[in-house]
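A quick write-up on the structure given underneath.
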Amino acid sequence: MMNVDVAVVGGGIAGLTAAIYAARAGKRTILLEKQNRLGGRAITNKKNGAYFNLGGHALYDGDALATFRELGLRLEGNQPSIDGYGVWKGQLLTMPMSVKSLLATPLLSWRGKVELASWLAKFSKLDTRRYDHLSLRDWVEGNLQDPMVRNVFYSLLRTASYVTSPDLLAAGPVLKQLQRSLNGVLYLDRGWGAMLDNLRDIAAAQGVTMLTSSQVTQVQHQDGAVQQLSCEDGTIVEAKHIILAVPPAAALQLVQNAEATSLHAWVKQAIPVTAACLDVALRRLPKPKQQFVYGIDQAVFLTNQSRAAHLSDDGAQVISVLKYQGEDNNTEADLRELEGLLTLVQPGWRDELVAKQYLPNITVCHDFMHVRRGQLPGPAVPEIRGLYVAGDWASHGELLVDAATASAKRAVAHLLTQEEGKPQYAHRTVI
Ligand SMILES: Cc1cc2nc3c(=O)[nH]c(=O)nc-3n(C[C@H](O)[C@H](O)[C@H](O)COP(=O)(O)OP(=O)(O)OC[C@H]3O[C@@H](n4cnc5c(N)ncnc54)[C@H](O)[C@@H]3O)c2cc1C
């Protein structure tokens, strides 16, 4: 039996961030992770000298980057160029990302080029919050005329969000993400695993107790307040506050009588986003100029992350190829499509293969800002005092890992105001 101020369940980026902020505020904090290592979906695996994230990972200039900088993380890596190709009707064609590529591309008519040029000039100043409650489809069709300009935007916005349903995706958050990606993203040396090592060291320095291979099986509460949690191995932790930094379905399962709480509505409204990811390390690139490809009429994406980050010990190039999945998935067909794209971009890649990783159906995020959302999840579960949620699904407008860090900080900020006897963070409903 242990007794702490704050227990964090789940040791992904959300859990680690929450634990660090709670410990920084002077709270005795424990973090419990069911796997034998920390990191969740942000881990990096090393194969034959090459570092593979779980699919290509880029850090945008959003909440996570600001949080990591505030915590003093060493983020080593670089920004890749955004110039690349688009795949259209099985051909690789210059993607219009700058004035030069816009003039060169055969993808657009002159009318299309003029329309896209005017958007590229004003896009960074767009007030995206005006479109938070509009679907992406409505935004695109209401603002863009040329059919090919629409296709280019759909492709860029799918890459920024991983979401394949413009009818569901709320336009504001993804337009914001596109603004950030056009300013450049960061690819990290040795992958996101290096960032996790840094986060773990900061958590340890702040005095967080971190237990791996500790699967939490139940969160108990009494008289409307959290009491304790139990683990599979019999460990019991009494805590004033419990932050659930686990996927939404896991959160629902852990909490006694969760069906009677807001967790139930949050899980019901969640729409997970998945992808098939093929990562390869190649001794050399058969086509060195072809390193970055957006699918236009195919929901795919390819990037050589080694063009900006150190991802192998011996100079091998680490390429991530990704298929954005929708409701109906066929993992064999997805693999064929990904290998086909790799052959189009880097013919003969199999002869250069050093290492390979295939993830046929991985969850990129457990929910996102979509137009069917009725409530913003968390930070507090209002029916149970001392219970909070965090994770990429507990977004209040952020996307992907930015939602993980922002929700973690919201949970800690809320528990601190509750301790100080300040009024509760009002529970927010999407209007
Ligand atoms: C292919 C792919 C590409 C991506 N690309 C990007 C990108 O380019 N940019 C970006 O910003 N984001 C990207 N992401 C998203 C990013 O990786 C995630 O948003 C982030 O890692 C989620 O962190 P989390 O802590 O919310 O969840 P997770 O990492 O899933 O952490 C949850 C943790 O809870 C643990 N857990 C679950 N149940 C229990 C239990 N009962 N007891 C104890 N522990 C438990 C799990 O083992 C896990 O470690 C990508 C994700 C994928 C899969």
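The values are calculated or read from the model by the stated rules, or taken from the named source; none is laboratory data. Please read all numbers here as calculations on a predicted model, not as lab measurements. Every residue, glycine among them, receives a Cβ derived from its backbone with ideal geometry; neighbour counts consider all protein chains shown. Keep in mind that these areas ignore ligands, DNA and RNA; they rest on the heavy atoms of the full protein, side chains included. Shrake-Rupley method; radii C 1.70, N 1.55, O 1.52, S 1.80 Å.
Couple of notes before you dig in:
- When nucleic acids and ligands are ignored and a 1.4 Å probe is applied, HIS264 ends up with an accessible area of around 70 Å².
- Using 0.36 nm per residue and subtracting the Cα-Cα separation, the extra length available between TYR358 and ASP313 on full extension is 14.1 nm.
- Inter-label distance for LEU416 and SER213, nm, one decimal - labels placed 7 Å from Cα along Cα-to-Cβ: 3.5 nm
- Relative contact order (%) - criterion: Cα under 8 Å, at least six apart; region: the chain: 24 percent
- Accessible solvent surface per residue of segment 96-179, calculated while the other protein chains remain in place, 1.4 angstrom probe, Å²: 45 Å²
- Candidate aspartates and glutamates for bridging to LYS356, where Cα separation is under 13 Å - those fewer than 8 sequence places away on the same chain excluded: ASP279, GLU339
- By average C-beta atoms within 10 angstrom, highest first, the peptides 36-48, 112-124, 237-249: 237-249, 36-48, 112-124
- Taking amide H atoms as placed 1.01 Å from N in the peptide plane, the amide H of MET2 lies under 5 Å from those of ILE236, VAL237, GLU238, each 5 or more residues away in sequence or on another chain.
- Accessible-area value, TYR154, 1.4 Å probe, nucleic acids and ligands omitted, Å²: 40 Å²
- Under 12 Å from a label point set 7 Å out along the Cα-to-Cβ vector of VAL99, the amide N atoms of segment 120-136 belong to 121.
- Spacing of the two label points (7 Å from each Cα toward its C-beta) at ARG37 and ALA204, in nm: 1.4 nm
- Computed over segment 1-126, the P(r) tail beyond 25 angstrom holds 53 percent of alpha carbon pairs.
- Normalised by the number of residues in segment 96-179, the average gap of Cα pairs under 8 Å and 6 or more apart makes the relative contact order 35 percent.
- DSSP bridge pairs, the chain: antiparallel proportion in percent, nearest 5: 70 percent
- Residue order for MET148, MET210 - accessible surface, 1.4 angstrom probe, largest first: MET210, MET148
- Protein-only accessible surface order, largest first, of PHE368, PHE301 at 1.4 Å: PHE301, PHE368
- Accessible surface of the chain [probe 1.4 Å, protein heavy atoms]: carbon and sulfur percent: 48 percent
- Helical runs (DSSP H, four residues minimum) scored at -39500 (n - 2.57) apiece and divided by the length of the chain put the mean residue ellipticity at 222 nm at -9500 deg cm²/dmol.
- Heavy-atom accessible area with a 1.4 Å probe sorts LYS323, LYS89, LYS176, largest first, into LYS89, LYS176, LYS323.
- Segment 129-207-segment 275-312 distance, computed between alpha-carbon centres (Å): 18 Å
- Here the peptides 192-198, 344-350 are ranked by packing, the mean other Cβ count within 10 Å, and the order with the highest first is 192-198, 344-350.
- FRET efficiency estimate (nearest 0.05) - Cβ-Cβ, ARG372 to ASN143, R0 22 angstrom: 0.50
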